[in-house]
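A.B. asks: Here's a structure for you.
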Amino acid sequence: MAERRRIHETLFDDLGFRMTYEAERVLYELHTEHQHLVLFEHPFFGKMLMLDGATQVTTTDEFVYHEMMTHVPIFAHGRAKEVLVVGGGDCGIAEEALKHKSVRRLTQVEIDASVVEFSREHFPEFTGPVFADKRFDLVIDDGVNYVARTDRRFDVIIVDSTDPLGPGKVLFSDKFYAACRRCMTKGAVMVTQNGVPIFQSNELTEGITKFRKLFADGTCYVAAIPTYVGGHMAMGWATDNANLRRASVKTIADRYRKAGRFPTKYWTPEVHAAAFALPRFIAEKVAKARKR
């Protein structure tokens, strides 16, 4: 019997270690001049999507990232009707957001139509419910251009980006964040993917420094996602309403009840509130960013 292929996550090569995953079966692979994308089946994590040596999503633990990126800002806001997702071509964020009855329209801006088509074929568990929902509005456009030009205004913006490398780097820029602020309603909130603080501390501190130049409140909250190696992952948080992240467990629980108590696997009202209680080493990075 042939030895199964092993696929390496090379994101932390500069730190001297790699994660290696056994591929039971490679479902799709694409090598171009600019990127290497591979989708494969793992015996524990299920379908795994890796882009340029960095894990993007797995069917076993995707719920942690998608629930925490989505339900935290929407429930913290409390009255979100217009939600914008930048990136997120797999539609995992959109699927979670559309569970909220208060959301009247979910606009998703994805630069590459082929990413969405790829996801419709390989991740129908995400895309199926989304494309069946009349509130879903897919826009194929550069996210930076869209937020700079749109006349729409959003209560919640979720930036579901890759790491700040290559084409995704612009989604971590001052220009992009300023354009997002331009199309946010009063009291709106933006959340971003800001990496694993213990390994990617600059990504976190630089992001929050940029938030603090534009918003009254810039910080992060955390979640533990097994395949995003490093313990905690940081979700950036930017808003002019500092009270949003201070909503009590009771307030969040009331909003969850009114939303119909849809099933979750990670997010709870208690986890929501606790996510803003940062471990000291992360809180110190946030404080450092604020002093710049």
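A.B. asks: Step by step: first the residues of the range 25-36, then only those that are hydrophobic (A, V, I, L, M, F, W, C) and at pLDDT 90 or above, then the one that is surrounded by the fewest Cβ atoms within 10 Å (Cβ to Cβ). Which residue is that? Please lay out each step first, then the result.
C.D. replies: Looking only at the range 25-36, we keep the residues that are hydrophobic (A, V, I, L, M, F, W, C), and these are 26-27, 30.
Narrowing the set further to residues that are at pLDDT 90 or above leaves 26-27.
Numbers: VAL26: 13, LEU27: 15.
Per the criteria, the residue is VAL26.
A.B. asks: Then there is this: Quick one: in the range 37-55, of everything that is under 24 Å from the mean Cα position of the chain (by Cα) and open to solvent by 50 Å² or more (accessible area, probe 1.4 Å), which residue is modelled with the lowest pLDDT?
C.D. replies: From the range 37-55, those under 24 Å from the mean Cα position of the chain (by Cα) are 37-42, 44-55; that's our starting set.
Pick out the ones that are also open to solvent by 50 Å² or more (accessible area, probe 1.4 Å) and you get 41, 44, 52.
On the way: GLU41: 96, PHE44: 95, ASP52: 86.
In this case the residue turns out to be ASP52.
A.B. asks: Looking at GLU95, GLU22, can you tell me which residue is in a helix (DSSP H, G or I), acidic (Asp, Glu) and open to solvent by 20 Å² or more (accessible area, probe 1.4 Å)? Walk me through how you get there before you give the answer.
C.D. replies: Values: GLU22 fails: in a helix (DSSP H, G or I).
The unique qualifying residue is GLU95.
A.B. asks: For the range 25-71, which positions are assigned to a loop (DSSP other than H, G, I, E, B) and within 27 Å of LEU84 (Cα to Cα)? Let's see the steps before the verdict.
C.D. replies: From the range 25-71, those assigned to a loop (DSSP other than H, G, I, E, B) are 32-35, 43-45, 52-53, 59-61; that's our starting set.
Within the range 25-71, GLN35, ASP52, THR59, THR60, ASP61 qualify.
A.B. asks: Now, a different point. If you scan the range 234-262, which residues turn out to be touching a strand residue (DSSP E or B) at 6+ places or on another chain (Cβ under 9 Å) and open to solvent by less than 10 Å² (accessible area, probe 1.4 Å)?
C.D. replies: The answer is ALA234, MET235, GLY236, TRP237, ALA238, THR239.
A.B. asks: Could you grab me the full set of residues in the range 253-292 that are touching a residue at least 40 places away in the same chain (Cβ under 8 Å), outside any helix (DSSP H, G or I) and not aliphatic (A, V, I, L, M)?
C.D. replies: Hits for the range 253-292 are GLY260, PHE262, THR264, LYS265, TYR266, TRP267, PHE276, PRO279, ARG292.
A.B. asks: Can you tell me how many residues within the range 201-252 are aromatic (Phe, Trp, Tyr), under 15 Å from CYS180 (Cα atoms) and assigned to a loop (DSSP other than H, G, I, E, B)? It would help to see each step written out before you state the result.
C.D. replies: Of all residues in the range 201-252, those aromatic (Phe, Trp, Tyr) come to 211, 215, 221, 228, 237.
Those left that are additionally under 15 Å from CYS180 (Cα atoms): 211, 215, 237.
Going one step further and asking which of them are assigned to a loop (DSSP other than H, G, I, E, B), we end up with 215.
Summing the residues that are aromatic (Phe, Trp, Tyr), under 15 Å from CYS180 (Cα atoms) and assigned to a loop (DSSP other than H, G, I, E, B) in the range 201-252 gives 1.
The values are calculated or read from the model by the stated rules, or taken from the named source; none is laboratory data. Quantities reported herein were computed from a predicted structural model and do not represent experimental measurements. Quick reminder, even Gly has a Cβ in these numbers, built from the backbone with ideal geometry, and neighbours come from all protein chains shown. Keep in mind that these areas ignore ligands, DNA and RNA; they rest on the heavy atoms of the full protein, side chains included. Shrake-Rupley method; radii C 1.70, N 1.55, O 1.52, S 1.80 Å.
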